[in-house]
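Student: Below is a structure I'd like to ask you about.
The values are calculated or read from the model by the stated rules, or taken from the named source; none is laboratory data. Please read these numbers as outputs of a predicted model, since none were measured by experiment. Here the Cβ positions follow ideal geometry from the backbone for every residue, glycine too, while neighbour counts run over all protein chains shown. Heavy atoms of the whole protein, side chains included, go into the accessibility calculation; ligands, DNA and RNA do not. Shrake-Rupley method; radii C 1.70, N 1.55, O 1.52, S 1.80 Å.
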Amino acid sequence: KNIIETHEISKRYVMGSEVIEALKSVTINVKKGEYVAFMGPSGSGKSTLMNIVGCLDTPTSGSYILNGQDVSNMSENALAEVRNKEIGFVFQTFNLLPRQTSLENVALPLIYAGYSKADRTEKAMQALKNVGLDHRASHRPNELSGGQRQRVAVARALVNDPSILLADEPTGNLDTKTSYEIMDLFDQIHSKGNTVIMVTHEEDIAEYAHRIVRLRDGLVETDRVNANIRKAR
Ligand code: ADP
Ligand code: ADP
């Protein structure tokens, strides 16, 4: 079953008299449970594709079917609703709220989803446990290492049980050893049946994915099964 189907999507940005074709005609299917890396040099369209796949933006033309639903022409509000339900985001800069504890940061998506306080605490605690950080539940981000902050962000991304974990340069702010620890966590998440998509320009990080899609100049250059899957341990 395809969780993602993009059919010949394009994205044009108009800047004054200049038109930039960030994506030209991109067709990608991702099945439920796949682990895919989107790669490509700077300016190849990775962020644009990630924004569309993550329902932060819509294509100029072509269609995008997410989990059976056509989201190509949705209003901002409808798109936000789909996004909250279907996508768990992880960013390079972690994007945690500095004054909130790990537990409060992880519980945040559950407020929007309408859970009671007791349920939020229970679910957030379980999500922290799943990333090995339940012992840091009451710490604030500045009391955590980079790797721990990213784990909290991963717990927050998964607490609502989204269809897709979408990670944008998840190791971009981490040292090598910590990067590999986060990739180990992604392996665990993938092995539990989650669909994982990460955008990275780092070859050694992309090699953890089971499939690598390379973009160039707004087009899919190659889309291959990764024959040399790297393991964290
Ligand atoms: P990547 O993430 O691979 O670096 P991007 O998707 O950010 O690529 O950019 C693809 C192209 O689209 C680049 O030429 C970039 O300058 C342009 N672009 C991206 N976002 C915008 C925008 N909001 N407005 C105008 N041009 C943009
Ligand atoms: P993890 O991979 O479990 O997230 P790291 O390997 O990144 O943790 O952290 C190494 C050690 O540094 C941990 O024992 C952690 O508790 C400790 N640590 C705690 N706070 C900080 C901090 N602000 N900066 C660096 N290291 C920290």
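Student: Return the sequence-ordered ³J(HN,Hα) values of the range 54-65 in whole Hz as given by the Karplus equation 6.51 cos²θ - 1.76 cosθ + 1.60 applied to θ = phi - 60°, using x for Gly and Pro.
Tutor: Here the 3J(HN,Hα) series is x, 6, 8, 8, 10, x, 6, 8, x, 10, 10, 10 Hz.
Student: Could I ask something else about it? Just name one of Gln126, Ser47, Phe91: the one whose Cα is farthest towards the positive end of the charge dipole of the chain (beta-carbon charges, Lys/Arg +1, Asp/Glu -1).
Tutor: Gln126
Student: Continuing with the same structure: Amide H of Ala167: which non-local residues (sequence gap of 5 or more, or other chain) have their own amide H closer than 5 Å, using H built in the peptide plane?
Tutor: Val90, Ile197, Met198, Val199
Student: I've got another one for you. In sequence order, what are the phi-derived ³J(HN,Hα) couplings for the range 208-220 according to the Karplus relation 6.51 cos²θ - 1.76 cosθ + 1.60 with θ = phi - 60°, rounded to whole Hz, with x for glycine and proline?
Tutor: So the J values, rounded to whole Hz, are 6, 6, 8, 8, 10, 9, 9, 9, 8, 6, x, 10, 6.
Student: Let me ask another. Considering only the range 101-233, what is the antiparallel percent among its DSSP beta bridges, to the nearest 5?
Tutor: Bridges in the range 101-233 that DSSP calls antiparallel: roughly 55 percent.
Student: Classify the range 84-182 from the C-alpha gyration tensor, please: rounded if a/c falls under 1.5, else prolate or oblate depending on whether a/b exceeds b/c.
Tutor: Verdict is oblate for the range 84-182.
Student: Determine the alpha carbon to alpha carbon distance for each of Lys1/Lys117; Lys11/Lys31; Lys11/Lys231; Lys32/Lys129 and list only those over 28 Å.
Tutor: The answer is Lys1/Lys117; Lys11/Lys231.
Student: In whole angstrom, and with the biggest value first, how far do the Cα coordinates of the range 19-114 range along each principal axis?
Tutor: Answer, in whole Å and largest first: 43, 31, 30 Å.
Student: OK, next. In the range 122-233, what is the volume of the convex hull around the alpha carbon atoms, normalised per residue and reported in Å³?
Tutor: 118
Student: How would the range 29-83 be classified by its alpha-carbon gyration tensor: rounded, prolate or oblate, with rounded meaning a/c under 1.5 and the a/b versus b/c comparison settling the rest?
Tutor: Values: a/c = 2.02, a/b = 1.30, b/c = 1.55.
Oblate, since a/c reaches 1.5 and b/c is not below a/b.
Student: Another question about this same structure. Would you mind calculating the relative contact order of the chain from Cα pairs under 8 angstrom and at least 6 residues apart, reporting the percent as a whole number?
Tutor: 27
Student: Between Gly54, Gly172, Gly88, find the one with the highest GNM mean-square fluctuation for the chain; connect C-alpha pairs within less than 10 Å.
Tutor: The residue that fluctuates most here is Gly172.
Student: Report the one residue of Asn67, Ala37, Ala107 whose Cα lies farthest in the direction of the positive end of the charge dipole of the range 1-145 (charges on C-beta: Lys and Arg +1, Asp and Glu -1; origin at the Cα centre).
Tutor: Ala107
Student: Give, rounded to the nearest 20 debye, the magnitude of the charge dipole that the chain has about its Cα centre when Lys and Arg contribute +1 at Cβ and Asp and Glu contribute -1 at Cβ.
Tutor: I would put it at about 580 debye.
Student: How large are Rg and Dmax for the range 1-63 when calculated on the C-alpha trace, in angstrom?
Tutor: Spelled out, the Cα radius of gyration and Dmax of the range 1-63 are 12.4, 43 Å.
Student: Which residues' amide hydrogens lie under 5 Å from the amide hydrogen of Leu23, considering only partners 5 or more residues apart or on another chain, with H built in the peptide plane?
Tutor: Lys11
Student: Mind grabbing the accessible area of Val131 for me, 1.4 Å probe, Å², rounded to tens?
Tutor: 10
Student: Any chance you could check the Cα centroid distance between the range 209-233 and the range 107-186 for me, in angstrom?
Tutor: 25
Student: Can you give me the span-like helices of the chain, meaning DSSP H runs with 27 Å or more of Cα extent along the axis and Kyte-Doolittle mean at or above 0.0?
Tutor: none
Student: Using a ≥ b ≥ c from the Cα gyration tensor of the chain (square roots of the eigenvalues), is it rounded, prolate or oblate, where a/c under 1.5 gives rounded and otherwise the larger of a/b and b/c decides, a/b for prolate?
Tutor: Prolate, because a/c is 1.5 or more and a/b exceeds b/c.
Student: Let me ask you something else. Which residues' amide hydrogens lie under 5 Å from the amide hydrogen of Ile4, considering only partners 5 or more residues apart or on another chain, with H built in the peptide plane?
Tutor: The list, which skips near neighbours in sequence, is Val30, Asn67.
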